[in-house]
Amino acid sequence: MSDDEREYSEEEEEEEEEEERRDEAHQKKPTVHEETVQKTEAEMVMEEKFKKKRDDEEENWKEYIETWRKQRAKEEDDLRKLKEKQAKRKYQREAEERKLMEQKRQQEEQHMKAMEEKRQREMEEKRRRLEEAEKRRQAMLNKVKEPEQIKPNFVVQKRTDGGPGASLGGSAMDKMMNVAAARGDMGKTKEQLADDKKIALSFRIKPLEIEGLDKEKLKEKAKELWEIITKLETDKYDLEERQKRQEYDLKELNERQRQINRNKALKKGLDPEALSGRYPPKLQVASKYERRIDRRSYGDKKNLFDGGFETHVVQSLEKVWNDRMNQFDEKKGRLPKWLGEQPGKKKR
């Protein structure tokens, strides 16, 4: 066999084998109906599983929704009850607040009423005391006559009616009582002083009471008022003159005191105005006859007067002590040997 024939035969064999394989594959290949039946069965199984799952999910979702609705209804019911409770509590609280405000208002009214009654009692008591003081003052003015001769103002007359200043010049206790009374008046506020002034003026300045008076009585009333004004102006003039005299006496007494202090300072060798000032005189630590100006400070000048016998004794004792301590330090050396039995040493 030639080479060409051998190659041809091999190609035919290959073609025959390929045809056989195609026939086998065609015989094994299923029909379209069989494939449709197989796919439908698988899908049915999957659909059943999916449907079952979906039914379970829907049932679970329905149960969840039902539970949520019940919970929501319960919460709404609780919220409604809470709002009703809050509204009820708010109404009760408003009623309690109104009641407390009414009680507080009544208490404030009672307190204000009590304070007003107390103030009225104090005003009546103060008015009564001032009226008694004014009566005593008027009695003193009517009893005590002004002397013709002007006396020095440092002669104080005692009051005989027992009023303020009756015991002036008496015992020390009376003087302290007068000082305490004056301090009490000075400690009052402007409002208290104004109230005292109003009360004093209320019973000093009497109402006119001219309603229903005829012409003659009005003339008598005007004449009476004129006499009162004249008397008050006279008293005012006398008091002004007395004040001038007192001021003159004070100036004279101050000048006398200044002259006395001046003489005392000159006797002591001080400056003439040393004892007349507000502060005591300065210390003189150097002679006034020195020609050089002293430039030392106050501490240096003060140290000039330090010392004396006590300081000398202290310095000498300190020196002796230091000397003896130095001698002891110089002699101090090795300690001597113990001659007897040393304490704590064991015997052999």
Residue set LEU201, LEU239, LEU168; condition touching a Lys or Arg at 6+ places or on another chain (Cβ under 7 Å) and either at pLDDT below 80 or loosely packed, with under 11 Cβ neighbours inside 10 Å (or both); output residue LEU168
For ALA87, the lone unmet condition from (1) open to solvent by 100 Å² or more (accessible area, probe 1.4 Å); (2) at pLDDT 80 or above; (3) of a type outside the set (S, T, N, Q) is (1)
Just one listed residue, out of LEU275, LEU253, LEU317, is outside any helix (DSSP H, G or I) and of a type outside the set (Val, Ile, Thr), and it is LEU275
Over region 116-136, the set of residues open to solvent by less than 100 Å² (accessible area, probe 1.4 Å) and either touching a residue at least 60 places away in the same chain (Cβ under 8 Å) or farther than 21 Å from LEU193 by Cβ (or both) is GLU116, GLU117, MET123, LYS126, ARG127, LEU130, GLU131, GLU134
All conditions in (1) open to solvent by 100 Å² or more (accessible area, probe 1.4 Å); (2) modelled with pLDDT under 80; (3) of a type outside the set (D, E, K, R) are true of GLN327 except (2)
Every listed condition ((1) assigned to a helix (DSSP H, G or I); (2) surrounded by fewer than 10 Cβ atoms within 10 Å (Cβ to Cβ)) holds for ASN263 save (2)
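The values are calculated or read from the model by the stated rules, or taken from the named source; none is laboratory data. What you are looking at is a predicted structure, and each value in this text was computed from that prediction instead of being measured. For neighbour counting, all protein chains shown are included, and Cβ atoms are generated from backbone atoms with ideal geometry for every residue, glycine included. Each accessible area value is taken on the protein alone, full model and side chains, heavy atoms only, with ligands, DNA and RNA left out. Shrake-Rupley method; radii C 1.70, N 1.55, O 1.52, S 1.80 Å.
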